[in-house]
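J.: The structure under discussion is supplied below as structure tokens; questions concerning it will follow.
The values are calculated or read from the model by the stated rules, or taken from the named source; none is laboratory data. The structure displayed is predicted, hence computed values, not measured ones. Cβ placement follows ideal geometry from the backbone for every residue including glycine, while neighbour counts extend to all protein chains displayed.
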Amino acid sequence: MKTTAIPKLRLALCVALLMTLLAACSESPEDAPQAERIASTAKMSIVEPAQGAQITGPKMRVVISLEGGIIVPEATRDIKPNEGHMHLSLDGQLATMTYGLDQEIEVTPGRHILQAEYVAGDHAPFNPRVIQARQIEVK
């Protein structure tokens, strides 16, 4: 006569393991503990291109204004509210991590969203973020 106790025990263990994994995966990123980020003293804006600008590619000049903050050339974990780097993104994709406020980036024809963000010395955002976006069109 066959015993069914072992297969039932295995099934019960598999179900318990699956339920544990599902519970662990159900936590949203918002539920996870977040490290406190400092606020920046900087105010940043995109000077060029203007909102809705029509640009002739294949390169686009980006000029940033930064007040109350400085660009530092090296990454560091010792973050300060007035020191950081500039990140430029095009359509949500990082285009450059730069140490300057005036540069050119390559663009393709079409409508795009340019985003500039002043980030802390560790390349992570300040809280609140120091960020601005522009819609542009490349011909």
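J.: Scanning for something free of Cβ contacts under 8 Å to residues at least 40 places away in the same chain, on the phi > 0 side of the Ramachandran plot and in a strand (DSSP E or B), does the stretch 112-120 turn up at least one residue?
T.: Within the stretch 112-120, none of the residues are free of Cβ contacts under 8 Å to residues at least 40 places away in the same chain, on the phi > 0 side of the Ramachandran plot and in a strand (DSSP E or B).
J.: Another question, then. Of the conditions (1) under 16 Å from Ala42 (Cβ atoms); (2) of a type outside the set (A, V, I, L, M); (3) at pLDDT 95 or above; (4) surrounded by fewer than 18 Cβ atoms within 10 Å (Cβ to Cβ), Glu117 clears all except one; give me its number.
T.: Tallying (1) under 16 Å from Ala42 (Cβ atoms); (2) of a type outside the set (A, V, I, L, M); (3) at pLDDT 95 or above; (4) surrounded by fewer than 18 Cβ atoms within 10 Å (Cβ to Cβ), Glu117 fails exactly one: (4).
J.: With the structure loaded, tell me whether Val63 is within 16 Å of Ser45 (Cβ to Cβ), surrounded by fewer than 17 Cβ atoms within 10 Å (Cβ to Cβ), over 17 Å from the mean Cα position of the chain (by Cα) and among the aliphatic types (A, V, I, L, M) or whether it fails that test.
T.: Judged against the criteria, Val63 is a match.
J.: If you don't mind, another one. When the stretch 72-95 is examined, which residues are found to be at pLDDT 95 or above, surrounded by fewer than 16 Cβ atoms within 10 Å (Cβ to Cβ) and closer than 21 Å to Ala39 by Cβ?
T.: Lys80, Pro81, Asn82
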